[in-house]
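A.B. asks: Attaching a single structure in structure tokens format; questions to follow.
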């Protein structure tokens, strides 16, 4: 059956931020479940919409296994709207009675919150605009206005599912949504607080950015043009707290874990996988590597990661039921070693100011509470500081501020950066500044591999 004649599932989910990750992860689960179509919303550009249009929103999902590439056609995306072109249409879709879930992958900065506190950044220029203008610009703004439209229509709220790598992401999106709603209409905020559902979720699948070479390779393998394929590792995991309102997909039938307590899963993943990814990104780039697979092939980096996991991260964790954390570390190393996946370290390194609080800083706080060793964790922070000096990360909201913190004196640079309370908690900085100054000063003088060697011996 051709793409133009195949019966497509009805739209029941609106997804904000339809990038590669959700199309490689969530849409694969929905394809298996059946009956749950997705309306994608691009919050900034028309790139994804335009790429998908040629095949009527069908696209190829390519699993990069050690033995080769396995292709699958995904048809659950029914349409893609570009929010800046027609925000009213987005709100109307969110208010459609057939829609029962609004999900989002907008990266850490898309929540418009203060990373150090988790509260809504009321000084964010787009948040200021969303309070005044009923046609929003931000993900929280669209969620609030969508819920406002449903309340006005006498409908129950939709369930909001965050699929971003943030601790307690359901609690975070709930908090910023209600905070923003309170500035717009206190009665609306009370209604959301009483009736809304914001389950937390933990998502896991490595999805490298798609390159023009990837597109050409998929076209050769599939014998059809596809401007929007997604590539990913074979492994996939999705854990969601049991907190829904109205209808939801039968997630359990396709391996999604519905749990009462998600904390052990998300903390494990954020600290062990995402924390290790950040370590690989900053230290790998400083060592001269470009991809995860290349960096993990370096014996010194492997030894450093194993010490980071076993001595500094695992002691802070409570293992999920039936899971051994040391075995999980072994599995992560295997996944990182998949040479079929050209996961660029520069992709992982982006938005460090938004990622490090939950990936590294929370682990440091836990270690300090138990007088634990943190030298490897601090080297990751030092690597990030070095990265912010020379790299123009236009996507990091604090990129310019971070660059201006750099001086010719390494200790002064560290002091300037730790003084950024939008990233660092004051109580934490007082306890790590002296040691971090020493490690960063050494990093400025020494070969990165030699410094890693010193820390692991």
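Just so you know, all these numbers are worked out from the coordinates, no wet-lab data involved. Here the structure is a predicted model, which is why all the values come from computation and not from measurement. Neighbour counts run over all protein chains shown; Cβ positions are idealised from the backbone, glycine included.
A.B. asks: From the Cα gyration tensor of the range 323-436, with a ≥ b ≥ c the square roots of its eigenvalues, which class applies: rounded if a/c is under 1.5, or else prolate if a/b is larger than b/c, or else oblate?
C.D. replies: oblate
A.B. asks: Also: Where a ≥ b ≥ c are the square roots of the eigenvalues of the C-alpha gyration tensor, would you call the range 1-121 rounded, which needs a/c under 1.5, or, failing that, prolate if a/b is larger than b/c, or oblate?
C.D. replies: Since a/c reaches 1.5 but b/c is at least a/b, the shape of the range 1-121 is classed as oblate.
A.B. asks: Then there is this: Any idea how far the Cα center of the range 183-243 sits from the one of the range 384-436, in Å?
C.D. replies: 31 Å
A.B. asks: Under a no-solvent Debye model with one identical scatterer per Cα of the range 11-259, what's log10 I(q)/I(0) at q = 0.09, 0.11, 0.16 Å⁻¹?
C.D. replies: One equal scatterer on each Cα of the range 11-259 leads to -0.37, -0.56, -1.16.
A.B. asks: Follow-up. Of 198, 244, how do they rank once you tally other Cβ atoms within 10 Å and put the fewest first?
C.D. replies: 244, 198
A.B. asks: Another question about this same structure. Taking R0 as 22 Å, what FRET efficiency do you get between residue 433 and residue 369 from their Cβ-Cβ distance, rounded to the nearest 0.05?
C.D. replies: On the way: r = 18 Å, r/R0 = 0.80.
Computed FRET efficiency for residue 433 and residue 369: 0.80.
A.B. asks: Still on this structure: May I ask you to compute the full-extension gain from residue 327 to residue 254, defined as 0.36 nm times their residue separation minus their alpha-carbon distance, rounded to one decimal in nm?
C.D. replies: Net length gain for the segment: 23.9 nm.
A.B. asks: Shifting gears a bit: Have a look at the DSSP beta bridges in the chain and tell me what percent are antiparallel, nearest 5. Please list the in-between numbers first.
C.D. replies: Working: 13 of 38 bridges.
Of all bridge pairs located within the chain, approximately 35 percent are antiparallel.
A.B. asks: By its C-alpha gyration tensor, with a ≥ b ≥ c as the square roots of the eigenvalues, how is the range 97-203 shaped: rounded for a/c under 1.5, else prolate for a/b larger than b/c, else oblate?
C.D. replies: Oblate, since a/c reaches 1.5 and b/c is not below a/b.
A.B. asks: Once you have the Kirkwood Rh of the chain from its Cα pairs, apply Stokes-Einstein at 20 °C and 1.002 mPa s and quote D in µm²/s.
C.D. replies: D = 93 µm²/s.
A.B. asks: Per the helix-only calculation at 222 nm, which mean residue ellipticity applies to the chain, given -39500 (n - 2.57) for every DSSP H run of n ≥ 4 and division by its residues, nearest 500 deg cm²/dmol?
C.D. replies: Using -39500 (n - 2.57) per qualifying helix, the result is -13500 deg cm²/dmol.
A.B. asks: Out of all DSSP beta bridges in the range 11-259, what portion is antiparallel? Express it as a percent rounded to 5.
C.D. replies: Roughly 30 percent of the DSSP beta bridges within the range 11-259 come out antiparallel.
A.B. asks: Could you please state, rounded to a whole Å, how far the C-alpha centre of the range 324-362 is from the C-alpha centre of the range 146-164?
C.D. replies: 33 Å
A.B. asks: Continuing with this model, one more query. For a label point 7 Å from the Cα of residue 211 along Cα→C-beta, name the residues of the range 331-366 whose backbone N is under 15 Å from it.
C.D. replies: Those under the cut-off are 339-348.
A.B. asks: What is the packing order of peptides 201-211, 135-145, taking the mean over residues of other C-beta atoms within 10 Å and listing the highest first?
C.D. replies: My ranking of the peptides, most packed first, is 135-145, 201-211.
A.B. asks: While we're looking at this one, here's another question. Given the Cα-Cα distance of residue 72 and residue 85 and 0.36 nm per residue of separation, how much length would full extension add, in nm?
C.D. replies: Details: separation 13, 0.36 × 13 = 4.68 nm, distance 3.11 nm.
Additional length available on full extension: 1.6 nm.
A.B. asks: Multiply the residue gap between residue 190 and residue 395 by 0.36 nm, knock off their C-alpha separation, and tell me the result in nm, one decimal place.
C.D. replies: Gain in length upon complete extension: 70.4 nm.
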